[in-house]
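Report on the following structure.
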Amino acid sequence: MMKDDCIFCKLANNIIPTNSIYEDEDFKVILDANPVNAGHSLILPKNHADDLFQMEEEKVAKAYALAKKVAEAVKKATGCEGVNILQNNGAAAGQTVNHYHVHIIPRYKGDKLVMTFPQSTVTEEETKEVKEKLSALL
Ligand code: AMP
Ligand code: ZN
């Protein structure tokens, strides 16, 4: 199902033309309009889902299998040194378009994308608590 006024629904379903590199019954893969590097691609499901939490598990598996295929093509086509596969959920996590999508980003040493994992201090008590909660949920 498409969602009204969703730009990625329109791109994924050929309502607005875009730089498409692959398509199957479930997904369209396009080039990002503001690429980090040439070949930066986005996997878009044809059916609308806001984010990972609204995706069927089977579709997530398919999206990730496709991400491997796209990453291999991006690596071959660009000769990049590395590839990031990134999927943001929620504004706090950097999601700007609320239609699930997977980024495949070709990377080079010293390129402009800066991704660091700054460490916070998490107490032993907090670790114990979160570990118990997570283990109970999984
Ligand atoms: P995110 O921050 O994970 O929501 O990423 C959204 C991505 O979509 C950004 O990298 C944008 O450059 C890209 N984007 C936004 N609008 C378009 C569009 N019309 N065509 C292609 N890519 C787009
Ligand atoms: Zn959509």
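All of the numbers you see were taken from the coordinates with simple rules; none came from a lab. The structure presented is a predicted model; accordingly, all values stated were derived computationally and were not measured. Please note: Cβ atoms are built from the backbone with ideal geometry, for glycine as well, and neighbour counts cover all protein chains shown.
For the Cα atoms of the chain, what angle does the longest principal axis make with the long axis of helix 57-78, in degrees from 0 to 90, nearest 10? It works out to around 70 degrees.
Note on Lys76 and Leu137: the extension gain reaches 18.0 nm, defined as 0.36 nm multiplied by sequence separation minus the Cα-Cα distance.
Counting only trypsin sites (Lys or Arg not before Pro) that DSSP places in a loop and that have at most 15 other Cβ atoms within 10 Å, the longest clean stretch of the chain runs over 4-108. Site pair Lys3 and Lys69 shows an inter-label distance of 2.5 nm when each label is modelled 7 Å from Cα along Cα→Cβ. Counting only cysteine Cβ atoms and a cutoff under 4.7 Å, the chain contains unmatched residues Cys80. To the nearest ten degrees, helix 124-137 and the longest principal axis of the Cα atoms of the chain are 60 degrees apart.
Listed by chain and number, the lysines placed with their C-alpha closer than 18 angstrom to that of Lys59 are Lys3, Lys28, Lys46, Lys68, Lys69; residues fewer than eight positions away on the same chain are left out. A P(r) calculated from all alpha carbon pairs of the chain, with 5 Å bins opening at zero, reads 2, 9, 17, 19, 18, 13, 10, 7, 4, 1, 0 percent. Here Glu58 and Thr127 are evaluated by their C-beta separation; at R0 = 41 Å the FRET efficiency comes out at 0.80. Dipole size of the chain about its Cα centre, with +1 on Lys/Arg Cβ and -1 on Asp/Glu Cβ: approximately 580 debye, rounded to the nearest 20.
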